[in-house]
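The values are calculated or read from the model by the stated rules, or taken from the named source; none is laboratory data. Since this is a predicted model, take the numbers as computed values, not measurements. Note that we place each Cβ from the backbone using ideal geometry, even for glycine, and neighbour counts take in every protein chain shown.
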Amino acid sequence: MAQTASTMLPLGVLAPDFSLPEPATGRSVSLDDFQSAPALLVMVICNHCPFVKHIRQGLIQFARDYQAKGLAIVAISANDVAKHPDDSPVKMAEEAKNFGYLFPYLYDEAQTVVKAYRAACTPDFFLFDADRKLVYRGQFDGSRPSNTIPVTGVDLRAAADAVLAGQPAPIDQKPSIGCNIKWKTGNEPDY
């Protein structure tokens, strides 16, 4: 399976704005909806990626643990559904329901939001502090479908613990590894 690394968006950048539909509810969710949260995690995921499937249960547990601590979490899928129908909005709504996602799972049909975040792979994680400045971008943990490292979310948990405590995120941040985002023909980013 092909592996793509995240681009490691520069730390300190402000969270790019978004307003996207949530297929499971039909409502629109925007960055402003999370303005009172002490921190925000933006995840770029999709239904069919084996890397996302590999960490799915750990990610769901992470959401349970950290939303209870005040962390706002939102997931975005942006794959070209004409070529990857398993990532369609209907299938996204099914995914959210079947696995009990506790966070909004949004659809970026135009792929503009994921480009603004310079996302390259699924999964890709972006953690912002209360001022919506990027403090962590990188992997959930070192587990991959091809290794025997347990899925714990240790890297993202350390960063979330730090930002929620008002401390700096760990300096050692490793890129996330996953499937490349399935860009629409002619819409490929230049990064």
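Any idea which residue in segment 134-191 is surrounded by the most Cβ atoms within 10 Å (Cβ to Cβ), counting only those that are in a helix (DSSP H, G or I) and among the β-branched types (Val, Ile, Thr)? I'd like the intermediate steps shown before the answer.
Quick first cut of segment 134-191, residues in a helix (DSSP H, G or I) only: 154-164.
Those left that are additionally among the β-branched types (Val, Ile, Thr): 154, 163.
Values: Val154: 16, Val163: 23.
Among them, the one singled out is Val163.
In segment 77-99, the residue that is surrounded by the fewest Cβ atoms within 10 Å (Cβ to Cβ) out of those that are hydrophobic (A, V, I, L, M, F, W, C) and within 30 Å of Ser36 (Cβ to Cβ) is Phe99.
Quick check: anything in segment 85-100 among the aliphatic types (A, V, I, L, M), touching a residue at least 12 places away in the same chain (Cβ under 8 Å) and not in a helix (DSSP H, G or I)? No, the conditions are met nowhere in segment 85-100. Scanning segment 79-106 for residues being in contact with a strand residue (DSSP E or B) (Cβ under 7 Å, 6 or more places away or on another chain) and aliphatic (A, V, I, L, M) gives a total of 3. Is there a residue in segment 105-120 that is in contact (Cβ under 8 Å) with a residue 24 or more places away in the chain, farther than 24 Å from Gln57 by Cβ, buried (at least 21 other Cβ atoms within 10 Å of the Cβ) and among the hydroxyl-bearing types (Ser, Thr, Tyr)? Yes, segment 105-120 has at least one match.
Exactly one residue out of Phe34, Phe18, Phe62 is hydrophobic (A, V, I, L, M, F, W, C), in contact with a helix residue (DSSP H, G or I) (Cβ under 8 Å, 6 or more places away or on another chain) and closer than 17 Å to Lys133 by Cβ, and it is Phe18. The number of residues in segment 118-136 being under 10 Å from the mean Cα position of the chain (by Cα) and not hydrophobic (A, V, I, L, M, F, W, C) comes to 3.
Regarding Val74, is this residue under 20 Å from Phe51 (Cβ atoms) and surrounded by fewer than 22 Cβ atoms within 10 Å (Cβ to Cβ)? Talk me through it step by step, then tell me what you get.
Values: under 20 Å from Phe51 (Cβ atoms): yes; surrounded by fewer than 22 Cβ atoms within 10 Å (Cβ to Cβ): yes.
Yes; evaluated as a whole, the condition is true for this residue.
Regarding Gln3, is this residue under 18 Å from Phe125 (Cβ atoms) and at pLDDT 95 or above? No; evaluated as a whole, the condition is false for this residue.
So if I check each of Phe126, Phe140, which one is touching a helix residue (DSSP H, G or I) at 6+ places or on another chain (Cβ under 6 Å) and within 21 Å of Asn180 (Cβ to Cβ)?
Phe140
Take segment 137-161 and flag every residue that is in contact with a Phe, Trp or Tyr (Cβ under 8 Å, 6 or more places away or on another chain) and either within 19 Å of Ala15 (Cα to Cα) or in contact (Cβ under 8 Å) with a residue 60 or more places away in the chain (or both). Listed by number, the residues that qualify are Arg137, Gly138, Gln139, Phe140, Arg144, Pro145, Val151, Gly153, Leu156, Arg157, Ala159, Ala160.
Working carefully through the options Val44, Val13, find the one that is under 26 Å from Ala169 (Cβ atoms) and either among the hydroxyl-bearing types (Ser, Thr, Tyr) or in contact with an Asp or Glu (Cβ under 8 Å, 6 or more places away or on another chain) (or both). If you could, list the steps in order and put the result at the bottom.
Values: Val13 fails: either among the hydroxyl-bearing types (Ser, Thr, Tyr) or in contact with an Asp or Glu (Cβ under 8 Å, 6 or more places away or on another chain) (or both).
After ruling out the rest, the residue left standing is Val44.
Among residues of segment 22-34 that are hydroxyl-bearing (Ser, Thr, Tyr), those with a Cβ under 7 angstrom from a residue that is crowded, with 18+ Cβ neighbours inside 10 Å, sequence gap 6+ or separate chain, pair up as Ser28/Leu20; Ser30/Phe18.
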